[in-house]
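The values are calculated or read from the model by the stated rules, or taken from the named source; none is laboratory data. What you are looking at is a predicted structure, and each value in this text was computed from that prediction instead of being measured. With ideal geometry, Cβ positions are generated from the backbone for all residues, glycine too; neighbour counts draw on all protein chains shown. The accessibility values were calculated without ligands, DNA or RNA, using every heavy atom of the protein model including side chains. Shrake-Rupley method; radii C 1.70, N 1.55, O 1.52, S 1.80 Å.
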Amino acid sequence: MNSHADDILARAVSVFNKTPARQGYKGRVHVGVDLGTAYTVLVVLDEDGQPLAGRYQFAQIVRDGLVVDFIGAMQILSRMKAEVEADLGFALESAATSYPPGVAPAEVKATQNVVIGAGLECEHFVDEPTAANALLQIKDGAVVDVGGGTTGVAIFKDGEVVYTADEATGGTQFTLVLSGALGVSFEEAEDIKKDPKRARSLYPLVRPVMQKVGSIVARHIAPYDVKTIHLVGGTSGMPGMADIVAEMTGIPTKLPSHPMFVTPIGIAMHDREDKTGAPPQK
């Protein structure tokens, strides 16, 4: 596993909290766009793979890996792009993006078209768990991306993907359960879910959904000799998730710091165009 992953993630948190960008940076940049069920994320890495700038926003523009609000997605991403460009002092030209494993090619194209519609060339796209592993650098094991709408599984052997799968169950299901149990709106339930002070009291309500995630993972990894599971995605950070997955699978389960940003950073790492943030110095 990448020993620098947590340091890169900590830097990403600082960037997303709008720490002033490095004005005057003129090196190569790599841009990633993650159109998630719950959050849309844009991140810019410098030539050394360190977070340089970024934005994220809660936005229900994707459902189960499918773009359901093309115009809304394009507008949100366009605004993020403009804000980041203002931070950096130069225009962004292209970006990589991602898709859940198993999504139809037409839906992958729709995601690509959102990025293009926001003013970014987009020739590189990758499935979400594989993107996450660009940062994690797992040689052998399973990477499980528990996102807003789906749980994606990728199994690696000798650093190569040997299996991928994706099933509908993620953060949206957690929010719906809380909305019904607490008698509040979806939006209120989403805010409650993200409140760390409420985590202990909410655990009995959401434990069955965690077990569903665990059963999905257990079923897909069963035919393979998986020694370690690595969780990523915003929903995987819910207290108790890693313990439940380990309990359901019988396999040690690890959770990186700030798991929400693992996949977006990995996506940016797949944006391999040789471009710079400003005209080259003579």
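Of everything in region 135-189 that's among the aromatic types (Phe, Trp, Tyr) and under 24 Å from ILE61 (Cα atoms), which residue is nearest to the chain's Cα centre (by Cα)? Write out each step before concluding.
Step one: list which residues in region 135-189 are among the aromatic types (Phe, Trp, Tyr), which gives 156, 163, 174, 186.
Next, from what is left, pick out any that are under 24 Å from ILE61 (Cα atoms): 174, 186.
On the way: PHE174: 17, PHE186: 21 Å.
Among residues in region 135-189 that are among the aromatic types (Phe, Trp, Tyr) and under 24 Å from ILE61 (Cα atoms), the one nearest to the chain's Cα centre (by Cα) is PHE174.
Please go through region 234-251 and give me each residue that is open to solvent by less than 10 Å² (accessible area, probe 1.4 Å) and aliphatic (A, V, I, L, M), ordered by number. Talk me through it step by step, then tell me what you get.
In the first step, residues of region 234-251 are kept if they are open to solvent by less than 10 Å² (accessible area, probe 1.4 Å); the result is 236, 241, 244-245.
Those that are open to solvent by less than 10 Å² (accessible area, probe 1.4 Å) and aliphatic (A, V, I, L, M): MET241, ILE244, VAL245.
Number of residues in region 104-134 that are open to solvent by 20 Å² or more (accessible area, probe 1.4 Å), out of contact with any strand residue (DSSP E or B) (no Cβ under 6 Å at 6 or more places or on another chain) and within 14 Å of VAL33 (Cβ to Cβ) equals 4. Annotation: of all residues in region 50-98 being open to solvent by 40 Å² or more (accessible area, probe 1.4 Å) and part of a strand (DSSP E or B), the one that is nearest to HIS124 (Cα to Cα) is LEU66. Every condition in (1) on the phi > 0 side of the Ramachandran plot; (2) free of Cβ contacts under 8 Å to residues at least 24 places away in the same chain; (3) of a type in the set (Gly, Ala, Ser) holds for GLY233 except the one numbered (2). Here region 146-158 is the region considered, the condition is being within 20 Å of LEU255 (Cα to Cα) and modelled with pLDDT of 90 or more, and the residue that is most open to solvent (accessible area, probe 1.4 Å) is LYS157. Whether any residue in region 16-27 is touching a residue at least 24 places away in the same chain (Cβ under 8 Å) and either touching a His at 6+ places or on another chain (Cβ under 7 Å) or among the β-branched types (Val, Ile, Thr) (or both) is what I want to check. No, that holds for no residue. There is at least one residue in region 159-177 that is acidic (Asp, Glu), in contact (Cβ under 8 Å) with a residue 40 or more places away in the chain and not in a helix (DSSP H, G or I).
I'd like the full set of residues that are closer than 18 Å to PRO239 by Cα and either open to solvent by 50 Å² or more (accessible area, probe 1.4 Å) or out of contact with any Ser or Thr (no Cβ under 6 Å at 6 or more places or on another chain) (or both), limited to region 173-193. Outline the logic, then answer.
From region 173-193, those closer than 18 Å to PRO239 by Cα are 173-178, 189-193; that's our starting set.
GLN173, PHE174, THR175, LEU176, VAL177, LEU178, ASP191, ILE192 - these are the residues of region 173-193 that are closer than 18 Å to PRO239 by Cα and either open to solvent by 50 Å² or more (accessible area, probe 1.4 Å) or out of contact with any Ser or Thr (no Cβ under 6 Å at 6 or more places or on another chain) (or both).
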